[in-house]
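The values are calculated or read from the model by the stated rules, or taken from the named source; none is laboratory data. Quantities reported herein were computed from a predicted structural model and do not represent experimental measurements. Using ideal geometry, Cβ is built from the backbone for each residue, glycine included, and neighbour counts are taken over all protein chains shown. Surface accessibility is based on the protein's heavy atoms, side chains included, excluding ligands, DNA and RNA. Shrake-Rupley method; radii C 1.70, N 1.55, O 1.52, S 1.80 Å.
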Amino acid sequence: VQLQASGGGSVQAGGSLRLSCAASGRTLSSWVMSWFRQAPGKEREFVAGLTWSGGSTSYAESVKGRFTISRGNLRNTVVLQMNSLKPEDTAVYYCAADLGVVVTTIQSNYDYWGQGTQVTVSS
């Protein structure tokens with residue numbers, strides 16, 4: 001499975017961005033797709049996740065109410081809609097796929113990772 005993340009960019013605080021992650025290669029009927037992020041000088045952290053089969057979602061407390069993860073319109077695509085962005089959301093965002101059925105925040109559980117896309121929020 002190859003993951004391709006896109007949609008990053010620069011925006012002012014309060015603005016919005018939409019990230020996409022397209023999966024190619026092996027098509028799986030049951031898996032978990034999540035987004036993680038890594039800010040400069042910080043460890044990578046879980047942002048949001050989605051179970052592909054059931055559509056269950058999970059969010060980090062810091063993004064609840066502002067970010068929404070969902071299936072995209074294109075096949076095997078997951079979207080992260082980010083609204084009310086804050087400077088502390090600035091990071092490289094990575095999509096990841098886990099061959100499981102429950103969203104986990106444990107990075108070592110994820111089998112596949114995308115290349116990352118930069119999100120910069122200015123104050």
Q: Calculate how many DSSP beta bridges within the chain are antiparallel, expressed in % of all such bridges and rounded to the nearest 5.
A: 90
Q | Of all accessible heavy-atom area on the chain, the percent that carbon and sulfur account for (1.4 Å) | A | 46
Q. Within region 16-54, whose backbone N sits under 15 Å from a point 7 Å along Cα→Cβ of Asn83?
A. 16-19
Q: Please list 101-113, 31-43 highest first by mean number of surrounding beta-carbon atoms within 10 Å per residue.
A: 31-43, 101-113
(Q) Place a point 7 Å from the Cα of Gln107 along the Cα-to-Cβ direction; which residues of region 37-69 have their backbone N under 15 Å from it? (A) 37-48
(Q) Would any residue of region 2-26 have its amide N under 16 Å from a label point 7 Å out along Cα→Cβ of Gln115? List them or say none. (A) 2-9, 20-25
